[in-house]
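Enquirer: The structure under discussion is supplied below as structure tokens; questions concerning it will follow.
The values are calculated or read from the model by the stated rules, or taken from the named source; none is laboratory data. Remember, predicted model here, so these are calculated numbers, not experimental data. Reconstructed Cβ throughout: ideal geometry from the backbone, glycine too, with neighbour counts over all protein chains shown.
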């Protein structure tokens, strides 16, 4: 009994000292959950290495390789499009805040932001203002990076999602800006 309590304490101590492992484990658990949950309209596909009626196993594998490559390119393009959309959203949001402050110079930046959030949220039923604020902050992080290094660099992003870029720390954002600033 004492051995299991001791082991439990050691495991608990390990968890506290290595939050990175915990986050990685959480991501792994989330992936397992996604894989366990059937998608809407999901039908089983047989992707075994069986011979096609009109070809060989190697032809079938070549087609699957080409299909996977094209899918990867579509994912890359979708990531770039999402990054660009969040960039443009943040740019438009910042312009709206500036416009509100220009119209009434007594309005503070936080007040102008609150007003802009309210205006936008009226057109997004089902989205809470808190969620809108969080998404806008993530979009602003994307904007901070690409407004300084060039919007054209979005096309260079191949394997990072908008979420990954928006989750960068201030230090990481500044390091990117320092390295790639347009001068």
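Enquirer: Got at least one residue in region 167-183 being touching a residue at least 60 places away in the same chain (Cβ under 8 Å), surrounded by 16 or more Cβ atoms within 10 Å (Cβ to Cβ) and closer than 30 Å to residue 71 by Cβ?
Expert: Checked against the condition, which is being touching a residue at least 60 places away in the same chain (Cβ under 8 Å), surrounded by 16 or more Cβ atoms within 10 Å (Cβ to Cβ) and closer than 30 Å to residue 71 by Cβ, region 167-183 yields no hits at all.
Enquirer: Being out of contact with any helix residue (DSSP H, G or I) (no Cβ under 8 Å at 6 or more places or on another chain) and over 22 Å from residue 27 (Cβ atoms): is that true of residue 96 here? Break it down into steps so the answer makes sense when it comes.
Expert: Details: out of contact with any helix residue (DSSP H, G or I) (no Cβ under 8 Å at 6 or more places or on another chain): no; over 22 Å from residue 27 (Cβ atoms): yes.
The answer is no for residue 96.
Enquirer: Something else: Given the residues 8, 36, 4, 56, which is the only one that is at pLDDT below 75 and surrounded by 10 or more Cβ atoms within 10 Å (Cβ to Cβ)? Spell out how you get there, then give the answer.
Expert: Working: 36 fails: surrounded by 10 or more Cβ atoms within 10 Å (Cβ to Cβ); 4 fails: surrounded by 10 or more Cβ atoms within 10 Å (Cβ to Cβ); 56 fails: at pLDDT below 75.
Result of the check over 8, 36, 4, 56: 8.
Enquirer: If the requirement is being free of Cβ contacts under 8 Å to residues at least 60 places away in the same chain, under 13 Å from residue 80 (Cα atoms) and buried (at least 16 other Cβ atoms within 10 Å of the Cβ), which of these qualifies: 142, 149?
Expert: On the way: 149 fails: under 13 Å from residue 80 (Cα atoms).
Residue meeting the stated conditions: 142.
Enquirer: Still on this structure, I have one more. Based on what the data block shows, is residue 79 closer than 21 Å to residue 151 by Cα and in contact (Cβ under 8 Å) with a residue 12 or more places away in the chain?
Expert: Numbers: closer than 21 Å to residue 151 by Cα: yes; in contact (Cβ under 8 Å) with a residue 12 or more places away in the chain: yes.
Considered against the rule, which asks whether it is closer than 21 Å to residue 151 by Cα and in contact (Cβ under 8 Å) with a residue 12 or more places away in the chain, residue 79 comes out as yes.
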